[in-house]
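Student: Input: one structure, supplied below.
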Amino acid sequence: MLIMLSWEQLIKECTNCRRCDLAITRTNIVIGRGSQNAPMMLIGEGPGEQEDLQGLPFVGPAGRLLDLLLNALMISQDDYYIANIVKCRPPGNREPTDDEAEKCLPFLREQVRLVRPSIIVCLGGTAAKYIIDRSARITQIRGQWIERKGFWIMPTFHPAALLRDDSKKVLMWEDFKKVREKLREIKKATG
Ligand code: URA
């Protein structure tokens, strides 16, 4: 059980974490990057090879695509903090198991409590599954706002899915235009 950690405590807890077997194969723990008081959090699935090597989320091919999208939409780096459902790379980039996700989610909840975002973007089916609904199908729920517990939650595709299927690019672009709009509204309302 984690209770109200500071950033320093959270980093220490994550770094020492051995709650599941992903700790055995990880090179680095991947906690998050971006602005720690951003109005928006982007949440992916789990670190890939580059992320594991560098200890930072979304720095491989999917991350580069995400950066392109955010830059094209002129969403500033000050506006987001980015993290994952699990903080250690699942071998071969497989999906995290329920057990791995459950053991890691308390860390993500602490990150959300510390950042206090207004918007949460779920990047892909795994993020949607653990943040929105265990039976969520990303193709069915993407692009629609879900208002829950004071957060505006937007499910959309994972950028890696765009690398496999070009036709998703337009849809993800549309989803992120809604995100940009909401971000503007929130920033205007909060000054
Ligand atoms: N895919 C993810 O879900 N997260 C990363 O950090 C990198 C790739």
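Student: In terms of the Cα gyration tensor, with a ≥ b ≥ c the square roots of its eigenvalues, is segment 39-125 rounded because a/c is under 1.5, prolate because a/b exceeds b/c, or oblate?
Tutor: Oblate shape, in that a/c is at least 1.5 and b/c is the bigger or equal ratio.
Student: For each of Asp166, Asp78, Asp175, Asp21, count neighbouring Cβ atoms within 10 Å of the residue's Cβ, then give the residues from fewest to most.
Tutor: By the 10 Å Cβ count, ascending, the order reads Asp166, Asp78, Asp21, Asp175.
Student: Still on this structure, I have one more. About the Cα centre of segment 1-140, how large is the charge dipole given +1 on each Lys and Arg Cβ and -1 on each Asp and Glu Cβ? Please answer in debye to the nearest 20.
Tutor: For this selection, approximately 160 debye.
Student: Turning to a different aspect of this structure: Counting Lys and Arg as +1 and Asp and Glu as -1, what is the net charge of the other residues whose Cβ lies under 11 Å from the Cβ of Gln36?
Tutor: +1
Student: Just subtract the alpha-carbon distance of Leu163 and Asp21 from 0.36 nm times their residue separation and send over the number in nm, one decimal.
Tutor: Extending this stretch completely gives an extra 48.2 nm.
Student: How far, in nm, would the chain grow between Glu13 and Gln77 when pulled straight, counting 0.36 nm per residue and subtracting the alpha carbon separation?
Tutor: Gain on stretching Glu13 to Gln77: 20.4 nm.
Throughout, read-outs are computed from the coordinates displayed, never taken from laboratory work. All of these numbers come straight from a predicted model, not from anything done at the bench. Here the Cβ is made from the backbone with ideal geometry for all residues, glycine too, and neighbour counts use every protein chain on show.
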